[in-house]
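Enquirer: I have a structure here, written as structure tokens, and I will follow up with some questions on it.
What follows is calculated from the coordinates using simple rules that are stated; it is not laboratory data. All values reported here derive from a predicted model rather than from experimental measurement. Virtual Cβ from ideal backbone geometry, glycine too; neighbours counted across all protein chains shown.
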Amino acid sequence: MKRIFLDHASTTKIDNEVLNAMLPYFSQYYGNPSSIHAFGREAQEAVDDSRSHVSSLLGCRDDEIFFTAGGTESDNLAIKGIAYLNKEKRKTKGPHIITSAIEHPGVLEVCRHLETQGFKVKYLPVDTNGIVDLDSLRVSISNNTFLVSIMFANNEIGTIQPTEEIGKIVHEHGILFHTDAVQAVTKVPIDVRKHHIDLLALSSHKIYGPKGIGALYIRNGIKVQPIFHGGGHEKGIRSSTLNVPGIVGLGKACELAKKRMTKDMIVMETLRNLLIKNILEIEESYLNGHPEKRLVNNAHIRFTGIEGESLLLSLDEKGIATSTGSACSSQKLQASHVLLAIGLDPVQAHGSIRMSLGRENTREEIMYVSKVMPQIIEKLRQMSPLWNR
Ligand SMILES: Cc1ncc(COP(=O)(O)O)c(C=O)c1O
């Protein structure tokens with residue numbers, strides 16, 4: 001059976017060029033970049049090259065990129081790292097950190113943890129398309145707010161936030177702006193200066209790089225308290241011997257993305273639009289998320305009378321991999337906090353499915369999914385107590 005992967009928001013297959021670039025750094029160039037001998041210097045050169053490729057994709061300087069173990073760690077380092085430097089604010093009133101109700105757990109859970117440490121957090125509402133309410137942002141900012149953390153694009157419904165406007169508002173108040181850009185990087189052109197971003201989290205395995213490596217952009221001059229203490233790697237911001245093969249992989253993934261991103265975006269958007277158009281021909285099916293301001297690879301659809309998990313399993317039987325939520329929460333079977341935040345009720349939320357395309361998907365695959373989906377929906381509806389036609 002042919003297998004079709006439509007779950008690229010959860011992870012991507014490593015690109016062959018990325019893998020080939022990494023391989024020599026496991027066996028041939030295995031030096032520790034902190035060592036000053038030739039083995040170490042070879043590894044350090046590769047790390048420097050990688051840093052340039054990451055910075056070039058974001059429009060920042062090389063010394064503003066810090067390697068981490070992934071998106072979650074970058075989010076933790078950014079938010080805790082700024083919060084710990086503002087500990088005295090815990091005694092003051094008003095929100096200290098402002099975030100949105102639809103963040104990934106990598107941000108939400110950090111904020112919840114900080115609440116237990118005495119910080120106050122405001123979770124901004126979003127509209128029915130998943131866009132953060134900017135008026136609510138403006139009125140929420142208080143004298144004690146030191147950080148705003150709002151994701152660039154949502155991992156479930158794909159909605160892209162008005163990041164530039166958010167950044168402007170935040171900077172007008174002299175506050176720092178962090179964005180979780182794990183889903184947006186390579187699918188939205190990002191320029192950290194233009195978008196007024198101070199801290200940005202990215203992850204390699206979402207962009208055809210290896211798992212277990214990511215980066216945090218920290219604007220020059222911004223102080224972040226480390227959360228790992230040790231040998232003082234990454235200018236003391238993130239101790240631990242550098243994951244050289246992983247870093248080389250991330251660098252290569254960014255280098256490739258920079259070259260091919262414009263074309264990839266057009267191809268994915270065309271196929272994604274075809275998929276949405278075909279699937280929405282099914283009776284009582286609806287698109288979740290913003291109709292235009294959405295990631296080029298995201299199709300998130302809700303079907304009346306359908307239970308998302310059953311749909312996912314039926315599609316899986318046909319070789320089609322999709323998701324009912326973010327990969328991190330898909331085992332919890334709770335209604336998605338993102339779908340509840342855009343105003344869906346729990347039944348509607350459970351009747352939704354995410355299909356996220358990648359650069360290797362083809363028109364034939366999309367047509368196959370478009371053919372199979374109505375048959376599965378009809379079969380499931382015949383058995384569904386939620387479908388009373
Ligand atoms: C928006 C977002 N932030 C953070 C993460 C976590 O990234 P990582 O898996 O590299 O820790 C993910 C992964 O699903 C994500 O989609």
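Enquirer: What ³J(HN,Hα) values, in whole Hz, does the Karplus curve 6.51 cos²θ - 1.76 cosθ + 1.60 give for the range 184-196 when θ = phi - 60°, with x put for Gly and Pro?
Expert: 7, 4, 6, 10, 9, x, 10, 10, 4, 6, 4, 8, 6
Enquirer: For every other residue with a beta carbon closer than 10 angstrom to the beta carbon of Met151, add +1 if it is Lys or Arg and -1 if Asp or Glu, then tell me the sum.
Expert: Overall, the nearby charge balance is -3.
Enquirer: Round to the nearest 0.05 the FRET efficiency obtained for Leu280 and Glu360 when R0 = 22 Å and r is the Cβ-Cβ distance.
Expert: 0.35
Enquirer: Still on this structure, I have one more. Amide H neighbours of Thr159 under 5 Å, counting only residues 5+ apart in sequence or on other chains, H built in-plane at 1.01 Å?
Expert: Asn154, His290, Leu295
Enquirer: Taking Rh as the Kirkwood radius, which is the inverse of the mean 1/r over Cα pairs, what is the Rg/Rh value for the range 261-313?
Expert: Radius of gyration over Kirkwood radius for the range 261-313 works out to 1.02.
Enquirer: Hey, another quick one. If we count every other residue with Cβ under 11 angstrom of Val110's Cβ, Lys/Arg +1 and Asp/Glu -1, where does the sum land?
Expert: Surrounding charge for Val110 is -4.
Enquirer: Can you tell me which of 145-152, 239-246 comes out highest on packing, and rank the rest after it, using the mean Cβ neighbours within 10 Å?
Expert: 145-152, 239-246
Enquirer: Still on this structure, please answer the following. Could you work out the pair-distance distribution P(r) of the chain from its alpha-carbon pairs, with 10 angstrom bin width and percents rounded to whole numbers?
Expert: Calculated P(r), rounded to whole percents: 5, 23, 30, 24, 13, 4, 0, 0.
Enquirer: Further, regarding this structure: Suppose a student asked you for the relative contact order of the chain, using Cα pairs under 8 Å spaced at least 6 residues apart; what percent would you report?
Expert: Computed over the chain, the figure is 23 percent.
Enquirer: With a cut-off of 8 Å between alpha carbons and a minimum separation of six or more residues, what is the relative contact order of the range 2-89 in percent?
Expert: 11
Enquirer: Quick check on the chain: of the DSSP beta bridges with both residues there, what percent are antiparallel, nearest 5%?
Expert: Looking only at bridges with both residues in the chain, the antiparallel portion is about 55 percent.
Enquirer: What are the residues whose amide H is under 5 Å from the amide H of Leu124, where those residues sit 5 or more places off or on another chain and H is modelled from the backbone?
Expert: Under 5 Å from the amide H of Leu124 lie the amide H atoms of Thr99, Ser100, Ala101, each far enough along the sequence or on another chain.
Enquirer: Take the alpha carbon gyration tensor of the range 174-267, find the square roots of its eigenvalues, order them as a ≥ b ≥ c, and report rounded if a/c is under 1.5; if not, report prolate when a/b exceeds b/c, else oblate.
Expert: oblate
Enquirer: Quickly work out the Glu164-to-Ser56 label distance, labels modelled 7 Å from Cα along the C-beta direction, and quote it in nm with one decimal.
Expert: 2.4
Enquirer: Starting from the Cα of Asn220, step 7 Å along the direction of its Cβ; do the same at Lys293; then give the gap between the two resulting points in nm.
Expert: Result for the modelled spin labels: 3.1 nm.
Enquirer: Checking the table Lys206/Lys258; Lys91/Lys122; Lys293/Lys371 against a 19 Å threshold on Cα-Cα, which pairs fail?
Expert: From the list (Lys206/Lys258; Lys91/Lys122; Lys293/Lys371), the Cα-Cα distance tops 19 Å for Lys293/Lys371.
Enquirer: Report the relative contact order of the range 251-331, percent, no decimals, based on alpha-carbon pairs under 8 angstrom and at least 6 residues apart.
Expert: Answer for the range 251-331 is 20 percent.
Enquirer: Here is a follow-up. With labels modelled as points extended 7 Å from the Cα through the Cβ direction, what inter-label distance (nm, one decimal) is found for Ala38 paired with Lys93?
Expert: Result: 6.8 nm between the two label points.
Enquirer: Tell me, how many Å apart are the Cα centres for the range 129-187 and for the range 20-79?
Expert: Distance between centres, Cα-based: 28 Å.
Enquirer: Amide H to amide H under 5 Å from Thr68: which residues, 5+ apart in sequence or cross-chain, H placed 1.01 Å off N in plane?
Expert: Gly214, Ala215, Leu216
Enquirer: Oh, and also: Determine the shape class of the range 1-80: with a ≥ b ≥ c the square roots of the Cα gyration tensor eigenvalues, call it rounded for a/c under 1.5, and otherwise prolate if a/b is greater than b/c, oblate otherwise.
Expert: Verdict is oblate for the range 1-80.
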